Amino acid sequence: MSRPHEPRAERRPAGPALSVDGLEVTVGGQTKAVRGVSFTLARGEAVGLVGESGSGKSLTCRSILGVLPAGCEISEGRIGLGARADGDADGDARNDGAPTELTALTRTQWDAVRGRRLAAVFQDPASYLNPSLTVGRQLAEQLRVGGGLSRAAAHARAVDLFAAVGLHRPGEVFHQYPDELSGGMLQRILIAIAVSLEPELLIADEATTALDVVIQAEILELLGRLRAERGLALLLVTHDLAVVAEQCDRILVMYAGEIVEDGPTADVLAAPAHPYTEALLKVASIGTWGRRELDVIPGRPPETGTESSGCRFADRCAYATAQCTTEPIALRAVADARRARCLRPTGPHDAVDGPATPAPEPEGAPA
């Protein structure tokens, strides 16, 4: 019997798994909810996307998946998925090495990409499973329709996948309905469905939020194992910086629809280059700050669509100067493999165009 979690390296061409360039999402045709988002995700890499509620994380992910809510649309930007290789399940004969441009796909073309090359797992797994069908039938159906397997082969493959994601007695689980299973088991089933056709990229949007800490740890360990064994690229959306610290190679910090910091996780946690990232770490007692008195970030994020002539975090920032509110702030390099949208990067990293004049430390800041 073949092992369902073995990587199929011949279908993993070189190059990034995902490239997002200048993505903008509008609501109601004019309100900008996501602004100029650009990043790449390498094959086998895990990237954490963090930020407060309403920062644009889920809209960014839904743009990549092509499932934006009604009234939302991509107004600018490009989203490239991997590079096409011989033998891809979508049957496209092209093999020019170019990424698939997701923003240009028709509904029929999306059917050849979503689930096969690009998959997702969300929170509240019961909402994404049909309560009137057994979980095994739901996975087997995907394997038959998307993978072209016979009924018997799909059944055997589904049982193998259930075993691969750590479900005990997978043959029995195959015949059970969603309401007979726990939340942790349902999340494992969704992961089995998501990886069943061996996608290049998995988006996990708050996939462990509703789970208790023990089950959360098991699910995260499972995602890490699948990434290592399959060369799977993982975009992990979460509010939990401790999860990012444990699971992710790189971190993207979003605020008010923009990426404000991007860099290797260990570097960002040790010396954040944007005041918003520093504030998040203080609130979460992560990294240099450790356990301390409860911190809060003063003020509120700007309303979605609110325009600003300068930094969108300026009115909540302890380091802000007049210059921060009078000109657009670009996302710029602050060190190798690091970017920040700030005139005064904090920590030991100076901006490439010269160090900014240090601002006074805020009251109560760590030495």
**Report entry** Residues of region 77-100 satisfying the condition of being at pLDDT 95 or above and surrounded by fewer than 19 Cβ atoms within 10 Å (Cβ to Cβ)
**Finding:** G77, R78
Report summary line: Scanning region 132-168 residue by residue, those closer than 24 Å to D179 by Cα, assigned to a loop (DSSP other than H, G, I, E, B) and modelled with pLDDT under 95 turn out to be V165, G166, L167, H168
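State whether the residues of region 325-333 include one that is free of Cβ contacts under 8 Å to residues at least 12 places away in the same chain, over 16 Å from Y255 (Cβ atoms) and not in a loop (DSSP other than H, G, I, E, B). Explain how you work it out, then say what you get.
If we filter region 325-333 for residues that are free of Cβ contacts under 8 Å to residues at least 12 places away in the same chain, which is where we start, we get 330.
Now drop any that are not over 16 Å from Y255 (Cβ atoms), which leaves none.
No.
Take T288 and decide whether it is modelled with pLDDT under 85, surrounded by 13 or more Cβ atoms within 10 Å (Cβ to Cβ) and not in a loop (DSSP other than H, G, I, E, B). Explain how you work it out, then say what you get.
Values: modelled with pLDDT under 85: yes; surrounded by 13 or more Cβ atoms within 10 Å (Cβ to Cβ): yes; not in a loop (DSSP other than H, G, I, E, B): yes.
Spelling it out, T288 is indeed modelled with pLDDT under 85, surrounded by 13 or more Cβ atoms within 10 Å (Cβ to Cβ) and not in a loop (DSSP other than H, G, I, E, B).
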Query raised in the report: When you go through (1) closer than 17 Å to P199 by Cβ; (2) among the basic types (K, R); (3) surrounded by fewer than 15 Cβ atoms within 10 Å (Cβ to Cβ) one by one for R169, which number turns out not to apply?
Result: (1)
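For region 122-155, name all the residues that are aliphatic (A, V, I, L, M) and under 24 Å from A228 (Cα atoms).
From region 122-155, those aliphatic (A, V, I, L, M) are 126, 129, 133, 135, 139-140, 143, 145, 149, 152-154; that's our starting set.
Selection gives L139, L143.
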Report task. State yes or no: is D124 at pLDDT below 90, in contact with a Lys or Arg (Cβ under 8 Å, 6 or more places away or on another chain) and among the charged types (D, E, K, R)? Result -> no
Report task. Quick one: which strands (runs of 3 or more DSSP E) lie wholly within region 178-264 and hold at least 1 residues that are touching a helix residue (DSSP H, G or I) at 6+ places or on another chain (Cβ under 6 Å) and surrounded by fewer than 21 Cβ atoms within 10 Å (Cβ to Cβ)? Result -> 201-205
Report task. From R250, R227, grab the single residue that is in contact with a Pro (Cβ under 6 Å, 6 or more places away or on another chain), touching a residue at least 60 places away in the same chain (Cβ under 8 Å) and not β-branched (V, I, T). Result -> R250
Query raised in the report: Just checking, how many residues over region 8-58 are out of contact with any strand residue (DSSP E or B) (no Cβ under 8 Å at 6 or more places or on another chain) and at pLDDT 95 or above?
Result: 0
Report summary line: Taking region 265-277 and keeping residues in a helix (DSSP H, G or I) and crowded, with 24+ Cβ neighbours inside 10 Å leaves V268, P275, Y276, T277
Report summary line: Within region 145-166, of all residues that are without any contact (Cβ under 8 Å) to a residue 40 or more places away in the chain and not small (G, A, S), the one surrounded by the most Cβ atoms within 10 Å (Cβ to Cβ) is F162
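The values are calculated or read from the model by the stated rules, or taken from the named source; none is laboratory data. All values reported here derive from a predicted model rather than from experimental measurement. All Cβ positions, glycine included, derive from the backbone under ideal geometry; neighbour counts span all protein chains shown.
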